[in-house]
Amino acid sequence: MINLTPHTKAAFAYFIFAAVLGVVLRSFHSVDLAINYKFFVHTHSHIALLGWVYVALTILLYKLFVQDAIVDKKYRYLFWFTQLTLLGMLLTFPFQGYALISILFSTLFLFASYWFFWFFRKHVKGEFRKTKAYKCVNAALWYLIISSLGPWALGAVMNIWGPESVWYRLAIYFYLHFLYNGWMLMAIFGLFFHMLERHGIHPSKKTFKLFFKSINLGILLTFFLSTLFAKPPLVLNVLGGAGAVLQLFALAVLILFFVRSKGQWVSVLSNFQNHLLKTVGLLLVLKMALQLLTALPYFANLAAMYLDFTIGYLHGTFLGVVSISLFLFFDFFKLIRISKKGYWLYLLGFVITEALIFLKGIVSWLRLSLFDGYFELLALGSLLIPLSLLLIVFGTQKGSQV
């Protein structure tokens, strides 16, 4: 069977590149850079979401649910086709933004994701098809497909209403919502249940059913929170708020299960992995609490008016919940050993940058002034993240395949 550790390092390479771009973007206010800021934002977001997270998740899903010598060759074709689309975006977005060639590679990536959807569902091992983990992963894959409706709609929106229209933002928010809160979140839950199931730890059917229905209905309803910038009827605030409550309830069901079965799962993870899990749990609670808060009209207007709050929320989800979960899974399943020093440096950079981003939002909200050196400090805090990732990748021994 193929060794997936080099593939894992490729995913980290995308993360490092995206993090370096983040430093460049945050240096824009302090240094005169001869680059198109908007083009680099597009590159940064695409490589972070599709390079790091998508590639990392698909590697884990393939290894745990599919990998077999018979299908390794098919997976290689799929993996390298996906890399071609990502490298195409990486080499075109910085120079032309959304234009013919970059859109071509973005479109090819969508086809690569459809290919993975078909490949995974066809080749997943029969022993996993009735597991709770697979049920979550299957839902995640459907959300991945649903999210792609956003990019497909952009062409029509551009031609009919233009890029300044409400519909343009709605198409982007639709894509981001189902990518973040659907595909990524459910894939993480699926991988987590698989981690437990392989050690004989199973929630009851009733507990899982309650969790699964609540989290998925919550994902669907919380999309309405992404529409509140347009000041729609109040009923959408209510529906979005109900979705946020359902997600918090689902998380509470899961936490209660862990508390009750602590004697079973606590020995499955190392002390370091337990810390990663607890950190993810805390960040998930914060993420879902912020969702609920934005159902209130005052805070919805606040998030729409001061984009730093939205950026802080999205980065908190991406760099916190999603990326630290991936660190946990890569370490647990021995694809790569996560350096503790590298992780602590990463966490420091994450906390500093999140605090500064939200601080800027609060300062703008209260009409105060930022302190001197704010942007320089933000850039330096951001620099800790690529440095920590380099330490994680090159400061650890290669994990063994199991």
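Readers should treat all values here as calculations from the given coordinates under stated rules, not as data from a laboratory. All figures in this text were calculated on a predicted structure; none of them were measured in a lab. No Cβ is skipped: glycine too gets one built from the backbone with ideal geometry, and neighbour counts run over all protein chains shown.
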Set of aspartates and glutamates with alpha-carbon distance to LYS74 below 19 Å, sequence-local pairs under 8 removed: none
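If you put +1 on each Lys and Arg Cβ and -1 on each Asp and Glu Cβ, how big is the dipole of the chain around its Cα centre, in Debye rounded to 20?
Around 1520 debye, computed over the chain.
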Rg to Rh quotient for region 143-221, alpha carbon positions, Kirkwood Rh: 1.18
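Counting only other residues whose beta carbon sits under 14 Å from that of LEU196, what net charge do I get with K and R as +1, D and E as -1? Walk me through the numbers before you get to the answer.
Numbers: positive: LYS132, LYS135, ARG198, ARG260, LYS262; negative: GLU197.
Summing Lys/Arg as +1 and Asp/Glu as -1 gives +4.
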Signed unit charges on C-beta, dipole axis of region 115-232, positive-most listed residue ALA139, PHE174, ILE160: ALA139
Normalised contact order of the chain, rounded percent, pairs of Cα under 8 Å and 6 or more residues apart: 18 percent
Segments 38-49, 317-328 sorted - mean Cβ within 10 Å per residue, highest first: 317-328, 38-49
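List the trypsin sites (Lys or Arg not before Pro) in region 313-399 that DSSP assigns to loop (not H, G, I, E or B) and whose Cβ has at most 14 other Cβ atoms within 10 Å. Which are they? Mind dumping the intermediate values first?
Values: sites: LYS334, ARG337, LYS340, LYS341, LYS360, ARG367, LYS398; in loops: LYS334, ARG337, ARG367.
Hits after loop and neighbour filter: LYS334, ARG367.
In region 258-329, what trypsin sites (Lys or Arg not before Pro) fall in a loop by DSSP, with at most 14 other Cβ atoms inside 10 Å?
Values: sites: ARG260, LYS262, LYS278, LYS287; in loops: none.
Answer by residue number: there is no such site.
Under 8 Å for C-alpha pairs, at least 6 residues apart: give me the relative contact order for region 46-182, rounded to a whole percent.
In percent, rounded to a whole number, it is 21.
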Cα-centre dipole for region 71-218 with unit charges at Cβ (Lys and Arg positive, Asp and Glu negative), debye to 20: 900 debye
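Note down the Stokes-Einstein diffusion coefficient of region 1-123 in µm²/s, whole number, using a Kirkwood radius over alpha carbon pairs, 20 °C, and 1.002 mPa s.
On the way: Rh = 15.3 Å.
My calculation gives 140 µm²/s for D.
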Given LYS63/LYS334; LYS63/LYS213; LYS231/LYS287; LYS63/LYS341; LYS135/LYS213; LYS9/LYS63, the pairs whose alpha carbons are separated by over 18 Å: LYS63/LYS213; LYS231/LYS287; LYS63/LYS341
